[in-house]
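Working notes, beginning with the structure itself.
Read-outs: derived from the displayed coordinates by stated rules, not from any lab. Please read all numbers here as calculations on a predicted model, not as lab measurements. Because the Cβ atoms are built from the backbone with ideal geometry, glycine has one as well, and the counts that use them run over all protein chains shown.
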Amino acid sequence: MLPDIVDSSGVVGNATALSGAPPIAGIAGDQQASLLGQGGVACGDAKITFGTGGMLDVVLGADRPAFETRGAGGTFPIVCRRVGGVVTWGVEAVMLSAGTNVEWLRDDLGVISDAAESHDVAAQCDDTGDVWYVPALLGMGTPAWDYGARGTVLGLTRGTGRPELVRAVLEGIAHRGADLVEAAEGDSGIAIPRLRIDGGMSANPTFVQSLADATQRGVEVSPVLEATTLGAAFLAGLAVGTWRDEEELAATWSPRERVEPARKLDRHRWREACHRAARWLPDLSAVDF
């Protein structure tokens with residue numbers, strides 16, 4: 001009773017309810033489409049979408065990851081796409097809350113008036129003044145998968161101001177991005193030389209620089225804020241001959257901006273902050289799947 005499994009790129013029918021009955025020729029999940037929309041074709045190509053949550057996906061190739069469900073680093077095997085009957089595998093790492101933390105600053109604390117202001121406020125200070133924020137408002141995903149972890153602010157002093165708090169939130173999300181990269185590299189055995197990013201937070205310069213600083217690698221910002229839509233179009237266009245092959249799709253990648261690391265964020269200090277945020281609600285921390 002279930003539908004047939006078909007290629008991600010290939011004509012499967014026609015949208016007869018629409019004028020001209022255009023072919024339905026591309027099928028992909030949200031993150032797989034975003035990966036392709038950012039030119040993620042070759043082994044080691046990786047992207048993170050920073051929306052309400054955050055998802056890192058990295059291309060591996062024709063071989064399935066060695067683990068069946070979840071790797072030791074907390075990532076999951078995924079099918080990136082299937083074209084011409086050939087499956088391309090990858091792994092996915094998950095951040096449960098990313099942009100949600102900026103919404104918390106705006107909607108619940110009233111610290112900023114809109115999401116874009118988080119950049120302006122954070123830019124008023126050079127660092128957080130040793131303030132650390134763990135963005136675990138919904139628990140922690142990859143690598144810990146600790147649903148009982150909770151959002152935590154550490155290191156507040158009388159000198160802590162609005163800029164330091166906002167910067168700490170942006171840097172905390174960037175550190176979580178670095179967690180995802182480390183987990184994906186560990187589970188896959190594949191190096192990720194650079195990151196491609198899309199989603200609402202990719203428009204925040206302070207955050208993008210913090211991500212480069214936390215991961216210590218170059219970050220390429222998608223020219224399309226929601227690359228998922230572009231990836232879906234790529235799959236359909238590949239099926240009907242608009243593009244010749246996946247390499248031609250990859251060649252379309254032209255980032256809006258390239259950001260290189262400017263300093264090195266303290267990952268040891270970050271891990272200590274995560275340790276203190278962990279297992280705050282033991283019953284939820286005991287949940288696993």
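Phi-derived couplings, Karplus 6.51 cos²θ - 1.76 cosθ + 1.60 at θ = phi - 60°, listed residue by residue for segment 122-134: 4, 5, 6, 9, 7, 8, 7, x, 6, 8, 10, 10, 9 Hz, with x used for Gly and Pro. For segment 218-289, the direction-averaged projected area of the alpha-carbon convex hull comes to 8.9 nm².
For the chain, the alpha carbon positions stretch 65, 39, 36 Å along the principal axes, listed from largest to smallest. Could you give the distance between the Cα centres of segment 252-278 and segment 3-17, to the whole Å? Their Cα centres are 40 Å away from one another. Fully extending the segment from Leu109 to Val240, taken as 0.36 nm per residue of separation minus the present Cα-Cα distance, adds 42.2 nm. For Leu137, the residues whose modelled amide H falls within less than 5 Å of its own, excluding neighbours fewer than 5 places apart on the same chain, are Gly151. Remark: C-alpha extents of segment 129-268 on the principal axes read 62, 29, 24 Å, sorted largest to smallest. Here the Karplus relation 6.51 cos²θ - 1.76 cosθ + 1.60, evaluated at θ = phi - 60°, turns the backbone of segment 44-53 into coupling constants of x, 5, 9, 9, 10, 9, 9, x, 4, x Hz, with x for every Gly and Pro.
Out of segment 46-128, which chymotrypsin sites (Phe, Trp or Tyr not before Pro) are coil in DSSP terms and have no more than 15 other C-beta atoms within 10 Å?
Working: sites: Phe50, Phe67, Trp89, Trp104; in loops: Phe67.
Passing both the DSSP loop test and the Cβ count: Phe67.
The 3J(HN,Hα) values that the Karplus relation (6.51, -1.76, 1.60; θ = phi - 60°) gives for segment 74-83 are, in residue order, x, 9, 10, x, 9, 8, 5, 5, 10, 10 Hz. Gly and Pro appear as x.
Can you sort Arg81, Arg217, Arg162 from fewest to most other Cβ atoms within 10 Å of each residue's own Cβ? Each step should come with its number before you reach the end.
Working: Arg81 29, Arg217 18, Arg162 15.
Sorted ascending by nearby Cβ count, the order is Arg162, Arg217, Arg81.
Mean-square fluctuation check for the chain, GNM, Cα pairs under 10 Å: which of Pro163, Pro193, Pro261 is largest? Most flexible of the set in this elastic network: Pro193. The value of relative contact order for the chain, using C-alpha pairs under 8 Å at least six residues apart, is 23 percent. Counting every pair of alpha carbons in segment 1-77, the share spaced more than 18 Å apart comes to 58 percent.
Quote the charge dipole size of segment 71-141 about the Cα centre in Debye, to the nearest 20; the model charges only the Cβ of Lys and Arg (+1) and of Asp and Glu (-1). Before the final figure, lay out each step's value.
Values: 3 positive and 10 negative charges, 149 e Å.
Magnitude of the dipole: close to 720 debye.
For Gly53, the residues 5 or more places off, or on other chains, whose built amide H falls under 5 Å of its own are Ala98, Gly99. Put simply, the amide H of Trp243, placed in the peptide plane, has neighbours under 5 Å in Leu238, leaving out anything fewer than 5 places away on its chain. Pairs of Cα atoms nearer than 8 Å and 6+ residues apart set the relative contact order; for segment 188-289 it is 30 percent. When both bridge partners sit in the chain, DSSP labels roughly 75% of those beta bridges antiparallel.
Dividing the summed -39500 (n - 2.57) terms of all DSSP H runs of n ≥ 4 by the residue count of the chain sets its mean residue ellipticity at 222 nm at -9500 deg cm²/dmol. Over segment 1-135, all Cα pairs binned in 5 Å intervals from 0 give whole-percent P(r) values of 2, 9, 13, 15, 13, 12, 12, 10, 8, 5, 2, 1, 0, listed from short to long.
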